[in-house]
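**Student:** Before I ask anything, here is the structure I am working with.
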Amino acid sequence: MNNLLADLISRYRSQVDYLAIRLEAAQTTDILLRGHKIETLSEAISLGGQVRACHRGGWGFTSFNRFSDIAERIEEVISAARIVGDDETLLAPVTPIQDTCVLPLTGTDPRQIPLADKKALCDRYAQILRSVDPRIATISVRYGDSAQQIMLATSDGTLLEQSWVDMEMRFAATARDGETVQTGRETTGSRKAYEDLMGLEGQVHAAAQRAVHSLALPPVQGNTYTVVIDPILTGLFVHEAFGHLSEADMAYENPDLLEVMSMGRQFGPSDLQIFDGADPAGHRGSYLYDDEGTLATTTQLIQDGVLIGRLHSRETAGKLNEAPTGNARCLDYRYPPLVRMTNTWIERGKTPVNELFSGIQEGVYARNWLGGMTNGEMFTFSAGEAWMIRQGQIAEPVRDVTLSGNVFTTLADIEAIGDDFFWDESGGCGKGGQNGLPVGCGGPSLRLRNVVVGGEANT
C-alpha cells in the first residue's frame, strides 16, 4: 500500500502545489443506555480515505470508500483545486517524515473485550445510578471506543503510518422532586487501557448522589462574586474560552480577532502560563504526528501573562509567517484537517489551595461542570456543584450556579493560581461539524474576581 500511495503522489504531484492522500481503517463500539432502554448497541468497521489538493491557494477535498476509484478521486480533487485557486499557496515548510508509529497501550486493548462484557459494564453502572434514590427520574450511560489506523502520503515526501485507541464513558442521572429537576454528570476517557473504565462505581454513585442532594439546596443568589474554581473547571475554561481563540484559522480569517489576539499583548497576571501540545504522552489529545504529518509539539500560548503563541496548521502558519505547531487534526477520513487543540492546560501556580479562599467575605466555590457554551470571547459554564464562601471559609452548598464573562476580562481578573493540578481526560471537542475529537484539559484551582454568577436575583 505504501508503494501504491507513493506512486500515485509521484504521478499527480506536478499538477498542483500540494497533494495529500490519507487512508484509514477503524473499529468502533458504541453503547447507549437511556432510562431502561438500550438505544444503541453496535460494533462497526470502516475503511475509507481522503484526498486533499491545493493549487494557487485553492483547496480541493474528497472522501471515499471505494479504493479502486482512488485515481479518479485524485483527478476530481485536482480539478477542483485548479478551478478555485487564484492566489498563492502558502504552506509552512516541514521536514518530510517516513515513519511507522503506534501509541502504546498500558493495559487491555478494548478490541479484546467482548461486546457482551462492555454491555454488562454499562448495565452495572446504570443500576448504580438508578439505585441511589427513588427520585432519580432518568439515567444514561454511554460507552464508546475507537481504534484508528491511518496512512498518509504527501507531495512533500511524507509517508506515515499511525495507529491509536481511544475510549470514553459518560454517566448522567436526573433527579426530580415536584418542579425541581437536577442533574449529576461524570465523564471519563483514556488512551491507555480498558481497565481505566472499570472500577468507577464510586464516581458513578457520586454523580447520582449529587443530583439528588441538589434537589434540597437553595439556588445561588445571582450577583458578581469572587469565585474559586477547581482544576476541572479550570481545564474547561482554558479549553473552551481561550483555546478556541488560539486556533489560528479563526484569527487569520477575522482581522478584528487577529488584532485582539496580537502577540505581546498582556492578558493575565505575571504568573499565568498557558500551553497546548500533543507532545506530552499519555493524554487523550496526545499523538506523534498530526494529520498533515507535522511533528507534535508543545506550544506555549501565554508566558508570564503575555500572549506569545497560537496553534497552527501548515496553511495558517504559512499565511501568518509563523512556525507550524502540529495542530492540524481531523475526526476521521470523512473530514479535512482543521486547526484543533490537543492537550490544553494552565500551569500550576504557587498559592496553597486553602489560601485561595482567604479574605473572601462572600464568594462562590465551584467544582466540576454540567455544561457550557462559548460565543467568541464570551462564555457561560454551569458548575456541577458549588458552595458559598463566607469569611474565607467554605460554607453552605448552593445549586444552579452558572459562571459567565468575557475571557479576556476573566484572565485579567485572575487573583491567584493554586499549587494543585489535575488532568481531565473527559473532553470531546467540536468544531466545523467534527464533534467528539478527543482532547485533554488541565490546570490548577483559580481565584477569580468579578465573576457574574447566575441564580435567583436579589430582591
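The values are calculated or read from the model by the stated rules, or taken from the named source; none is laboratory data. Bear in mind that the values here come from a model prediction, so they are computed numbers and not experimental data. Every residue, glycine as well, gets a Cβ built from its backbone with ideal geometry; the counts of neighbours run over all protein chains shown. These accessible areas exclude ligands, DNA and RNA; they are computed on the full protein's heavy atoms, side chains included. Shrake-Rupley method; radii C 1.70, N 1.55, O 1.52, S 1.80 Å.
**Student:** Let me confirm something: among Asp290, Asp279, which residue is open to solvent by 10 Å² or more (accessible area, probe 1.4 Å) and acidic (Asp, Glu)?
**Tutor:** None of the other options fit; the residue is Asp279.
**Student:** Working carefully through the options Ile394, Ile389, find the one that is in contact (Cβ under 8 Å) with a residue 60 or more places away in the chain and within 29 Å of Ala175 (Cα to Cα).
**Tutor:** Ile389
**Student:** Moving to a separate point now. What single numbered condition from (1) within 17 Å of Thr374 (Cβ to Cβ); (2) in contact (Cβ under 8 Å) with a residue 60 or more places away in the chain; (3) part of a helix (DSSP H, G or I) fails to hold for Asp256?
**Tutor:** Failing condition for Asp256: (2).
**Student:** In addition: Tell me which strands (runs of 3 or more DSSP E) are completely within segment 370-459 and hold 2 or more residues being touching a helix residue (DSSP H, G or I) at 6+ places or on another chain (Cβ under 8 Å), open to solvent by less than 40 Å² (accessible area, probe 1.4 Å) and among the hydrophobic types (A, V, I, L, M, F, W, C), or say none if there are none.
**Tutor:** Filter on segment 370-459 gives 378-390, 434-443, 446-454.
**Student:** Also: Quick check on my filter: what residues within segment 147-161 are assigned to a strand (DSSP E or B), farther than 19 Å from Ala193 by Cβ and not hydroxyl-bearing (Ser, Thr, Tyr)?
**Tutor:** Ile150, Met151, Leu152, Ala153, Leu159, Leu160, Glu161
**Student:** Of the residues in segment 293-323, how many are closer than 17 Å to Gly57 by Cα and open to solvent by 10 Å² or more (accessible area, probe 1.4 Å)?
**Tutor:** 7
**Student:** If Leu356 meets every condition in (1) open to solvent by 20 Å² or more (accessible area, probe 1.4 Å); (2) more than 15 Å from Phe237 (Cα to Cα); (3) among the aliphatic types (A, V, I, L, M); (4) touching a Ser or Thr at 6+ places or on another chain (Cβ under 7 Å) apart from one, which number is that one?
**Tutor:** It is condition (1) that Leu356 fails.
One line per residue, one yes/no per condition, for (1) of a type outside the set (Phe, Trp, Tyr); (2) at pLDDT 95 or above; (3) in a strand (DSSP E or B):
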| residue | (1), (2), (3) |
| --- | --- |
| Arg111 | yes, yes, no |
| Tyr125 | no, yes, no |
| Thr138 | yes, yes, yes |
| Val141 | yes, yes, yes |
| Gly144 | yes, yes, yes |
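**Student:** Looking at segment 140-154, is at least one residue over 26 Å from Ser46 (Cβ atoms) and open to solvent by 30 Å² or more (accessible area, probe 1.4 Å)?
**Tutor:** No, because not a single residue in segment 140-154 is over 26 Å from Ser46 (Cβ atoms) and open to solvent by 30 Å² or more (accessible area, probe 1.4 Å).
**Student:** State all residues of segment 163-187 that are over 20 Å from the mean Cα position of the chain (by Cα), in contact (Cβ under 8 Å) with a residue 40 or more places away in the chain and open to solvent by 10 Å² or more (accessible area, probe 1.4 Å); if no residue qualifies, say none.
**Tutor:** Answer for segment 163-187, where residues must be over 20 Å from the mean Cα position of the chain (by Cα), in contact (Cβ under 8 Å) with a residue 40 or more places away in the chain and open to solvent by 10 Å² or more (accessible area, probe 1.4 Å): Arg176, Asp177, Val181, Gln182, Thr183.
**Student:** Okay, moving on. Give me the residue from segment 29-43 that is out of contact with any helix residue (DSSP H, G or I) (no Cβ under 7 Å at 6 or more places or on another chain) and open to solvent by 50 Å² or more (accessible area, probe 1.4 Å) and, out of that set, farthest from Gly144 (Cα to Cα).
**Tutor:** Residue satisfying both the conditions and the ranking: His36.
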